[in-house]
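Data block below; observations after.
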């Protein structure tokens, strides 16, 4: 099971970084999105997969009958997902404004647009 | 001891303040600090003289076994007395030298801080404490040499001195750690009792070489001698103090201190005698051709330091006795000559060349008298203390004929330098246009005390030998020695050699113009010398730094990503290579079809995102990746994650789609070749990360912290959903941080959207 996830994570990292190495800014933002998916899945998998029982206690029970999935990476990823959304949104707006102001989406050409 | 040392450091810090509040006689006020130390040392003289030593310590960092420990025995007493005693006179001298100069307070601060550090070096008992003070002396020396910081030569000399001595300090640190390891203690007073264990230890040679490099750089031994003559850029009080009587002797002190632990072996004798003799002769011969006052003195200082190392290297009880006498004699005459030289230059309006000076005896009678006393003592004329030192020395090396020859040659050079600096500026005809007058009182006291000292020590050499030299020599030799010094030992073979040296020296002095001419002719050779090698290496280092900064710091995001990613992949690869590849293939759990299907879909969507040439398609495939993520989360028992992911992914796609019609069409900015290289890099990252995840799975902590949360979530926080409890209860502060980030991002985005670049629009 893990091996599939590992390959998926590898693909997300590779694809994300490839896009981040492009000159086009919008590709950079999409690459960042892929990379954060990869990072989230990495935390999730590296914490160890412990079956499909959610870490939610049944009504009336005070103890888990079966060991549920690890709650800690889930909490971490939950935070990470939200924050990566904030970053993507901010980056997108920043890019839009930059594009409107300097008139190019190529990071190399932006070097010459210092005003 | 710690209190007196702290007083010195406090005095250093207060110096500029004192000078600002009442600028008159600052030096005289501040000399209370070294005076206290000096008096205290003198009161301890009888006790230490009887072979006792005084140890004071208190713990510093208990966990690391660090202590602030001080130790006073014969050797430290001799050095500490010289440092504080001459320090007193130097402070007075500084007051006259910098009279009316607003920088006086700053200079006093540096020099007192230096004095305190130097006292620390000779008094500290813990090796690391010695090292700290050692480095402090390098640092304060840097400040003092570069004191005239408007002058590029002074800045370069300061940097050079610091680089050489601090580099040596690093070697020393390595040597000290090995030494402490070999001896099983950091306390010097204990280390020196374990000589036998240390010289038999397998790291002995490494320790010896590392400590020697440290000491040789500090004490300007060949091939590190070049920084000392360059350091003469420092103001004269600093040269007189640091570069003749104190700091440069730190290396000699350390070697002498460690002699009981490291000495008495063939390696010790070989290294120290060879380097010492080479430095001794090199310094003496190079001094012959100098004409600048301070450089003449600097080269003989190099030479004298070489002699000290040489005597220490031989390591018999007579040479060690000679070493202790010579240290004392050298400090007295060299400091006097430096102070007089500084006075002469000061009062003649900056004249530094011996050949341009002459006939000052009438204008500066007291300086003249002091200079003669010191110059003759340096040359080794009777009845001066230099003569006593020379006699002891020749006696000590009598069994080593080549050292006797070296002594005669070096001794002759000392006579020449003694005459050139002590007599030449004052006798003969005064050159046209040379005006001078006597130095002020504060600048006179030092030379008078030390100059008369050269004479007085000789007549008091019996008690001096018994009270100062004997305890010091005993500490170096680690056995009780009986020292008997005589001014007149009768007419014997040593006296003959001494007289031959004097005659040869006077002959050399008469031939001085020839030496100066030869030295000028040989000047082109300097580009093969150690100084030139230093310069070449320094330049090469700077060029390399500039080149690699330019290569690595391009200012282009892509390059940073490439460098970071390639390094990370290389490191991960190296780790896997060392572990022999990934081992856990057979431990992997079986693959369920639904995971395989959606995993495959994610990979496909990722490639689609990367390959897509259309904006909309790449946004949509990014969405597919996100929704597949959400599904995977449900498969592995993370419903909260799945929900969050679903909502956020929807929002992201909507956001991107909203912005979509404002966005330009994709076009390829980079060449096909670049894209291929990037694809290879990206593929390598993919493989590395995959392996990394698999390897990480094998590393599971025995008791994950999660178990605590699972157990206490309901008991303590009364929540059934453990993930929620962690977020809002156990780790609530993290969530607060997260919300803050969201708020800031939202504010930033709003501000950006509201921002109207009015000016640019108006221009268009």
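Since every read-out is calculated from the coordinates, none of them should be taken as a lab result. Predicted model only: the values in this text are computed from it and were never measured. Cβ coordinates were reconstructed from backbone atoms using ideal geometry, including for glycine residues, and neighbour counts include every protein chain displayed.
The figures follow:
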item: Spatial separation of Cα centroids for the stretch B:27-90 and the stretch B:577-636, in angstrom; result: 72
item: Contour excess over end-to-end distance, with Cα ends at residue B:352 and residue B:526 and 0.36 nm allotted per residue; result: 60.5 nm
item: Other protein chain Cβ atoms within 10 Å, averaged over every residue that makes up B:719-730; result: 6
item: Theoretical ellipticity at 222 nm over chain B - DSSP helices of four or more residues, -39500 (n - 2.57) apiece, nearest 500; result: -23500 deg cm²/dmol
item: C-alpha center-to-center spacing [the stretch A:1-74, the stretch B:197-214] in angstrom; result: 55
item: Inter-centroid distance (Cα atoms) of the stretch B:329-347 relative to the stretch B:132-148, Å; result: 21
item: Cα gyration tensor shape of the stretch B:596-666, rounded if a/c is under 1.5, else prolate or oblate by comparing a/b with b/c; result: oblate
item: Neighbouring partner chain Cβ atoms per residue of B:613-623, average, 10 Å criterion; result: 2
item: Within 10 Å of each Cβ in B:647-659, the average number of Cβ atoms from other chains; result: 3
item: For B:236, B:279, B:273, order by how many other beta-carbon atoms lie within 10 Å, fewest first; result: B:273, B:236, B:279
item: The stretch A:15-57 residues near the modelled residue B:611 label - backbone nitrogen below 15 Å, point 7 Å along Cα→Cβ; result: A:15
item: Ranked list, fewest to most other Cβ atoms within 10 Å of each Cβ, for B:609, B:740; result: B:740, B:609
item: Over chain B, relative contact order from alpha-carbon pairs under 8 Å, at least 6 apart, %; result: 10
item: Taking B:448, B:209 and counting other C-beta atoms within 10 Å, the order from fewest to most; result: B:209, B:448
item: Rg over Rh [alpha-carbon atoms, Kirkwood Rh] for the protein assembly as shown; result: 1.16
item: Ratio of Rg to Rh over chain B (Cα coordinates, Kirkwood Rh, two decimals); result: 1.16
